[in-house]
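J.: Dropping the structure in here first, questions after.
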């Protein structure tokens, strides 16, 4: 995993949609079965903003920004189904977001503004990783094993994760989605 360098007083954060139980346990177990060395360190999630380094004084403005973003977005459903890969560009196998894709893209775009504005290395593609930094055989196994995987859940919040000195990503702050559904989404 490419992690930006951080100084002694800086914090490394990421913004994501947490995958709830029982799916989190299932997806983390699949990642562990693939031999992924980061399986225990990265809870299953849909990334909205990848690893980002902030100075301590920037954390408060980032949290205020995330609160504002969350207040403008209504809760929405995600449907995960089947596998795909970023190979040959990146050795990753993931479970696809097949519903909730547009909402994830909208949320990612809104998060990546203001104090969290940054350029992307790759085009944004919402997904849940199930194998990374393993050999081709393990990637192939994960691809086949999770090909029929399916899960549906409601997204009610986004989370600010901090990367601990022990290498583990932990959700530290939650921002409730409290916006109104778009006219096209209302019953």
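J.: Can you give the relative contact order of the chain as a percent, counting alpha carbon pairs under 8 Å and 6+ residues apart? Intermediate values should be presented prior to the final figure.
T.: Working: 352 pairs, mean separation 59.6, N = 187.
Normalised by residue count, the contact order of the chain is 32 percent.
J.: Between residue 140 and residue 170, what is 0.36 nm times their sequence separation minus the Cα-Cα distance? Round to one decimal in nm.
T.: On the way: separation 30, 0.36 × 30 = 10.80 nm, distance 2.87 nm.
The span from residue 140 to residue 170 would gain 7.9 nm if fully extended.
J.: Which of 119, 36, 140 moves most in a GNM of the chain, Cα contacts under 10 Å?
T.: Comparing 119, 36, 140 in a Gaussian network model of the chain, the most mobile one is 119.
J.: Please build a GNM for the chain, connecting alpha carbons under 10 Å apart, and tell me which residue among 122, 76, 143 fluctuates the most.
T.: 122
J.: Then there's this: Please tell me the relative contact order of the range 120-187 in percent, rounded to the nearest whole number, where contacts are Cα pairs under 8 Å and at least six residues apart.
T.: Working: 36 pairs, mean separation 12.6, N = 68.
Relative contact order here is 19 percent.
J.: Given R₀ = 22 Å, what would the calculated FRET efficiency be for residue 71 paired with residue 154, taking r from the Cβ atoms and rounding to 0.05? Walk me through the numbers before you get to the answer.
T.: Numbers: r = 18 Å, r/R0 = 0.80.
The formula returns an efficiency of 0.80 here.
J.: For the chain, what does -39500 (n - 2.57) per DSSP helix run (n ≥ 4), summed and divided by total residues, give at 222 nm, in deg cm²/dmol to the nearest 500? Walk me through the numbers before you get to the answer.
T.: Values: 4 runs with 48 residues, N = 187.
After summing the helix terms and dividing by residue count, I get -8000 deg cm²/dmol.
J.: When a/c is below 1.5 the answer is rounded, else prolate if a/b is larger than b/c, else oblate, so apply that to the range 11-179 with a ≥ b ≥ c taken from the square roots of the Cα gyration tensor eigenvalues. Kindly include the intermediate steps, with their values, before the conclusion.
T.: Details: a/c = 1.83, a/b = 1.45, b/c = 1.27.
Since a/c reaches 1.5 and a/b is larger than b/c, the shape of the range 11-179 is classed as prolate.
J.: Over 13 Å, how big is the tail of the calculated P(r) for the range 38-112, in percent of all Cα pairs?
T.: Numbers: 2120 of 2775 pairs.
Summing the P(r) tail past 13 Å for the range 38-112 gives 76 percent.
J.: Return 130, 97 ranked ascending by Cβ neighbour count within 10 Å, so the fewest neighbours appear first. Walk me through the intermediate numbers first.
T.: On the way: 130 28, 97 21.
With the sparsest Cβ surroundings first, the list reads 97, 130.
J.: Could you work out which residue, out of 137, 145, 162, moves most in a Gaussian network model of the chain, that is, has the largest mean-square fluctuation with Cα springs under 10 Å?
T.: 137
J.: Just rank 157, 132, fewest to most, by other beta-carbon atoms within 10 angstrom. Intermediate results must be reported in sequence, preceding the final value.
T.: On the way: 157 16, 132 22.
The fewest-first ordering by Cβ neighbours comes to 157, 132.
FYI, it's all coordinate maths here, none of it is from the lab. What you see is a predicted model, and the numbers here were worked out from it, not measured in a lab. All Cβ positions, glycine included, derive from the backbone under ideal geometry; neighbour counts span all protein chains shown.
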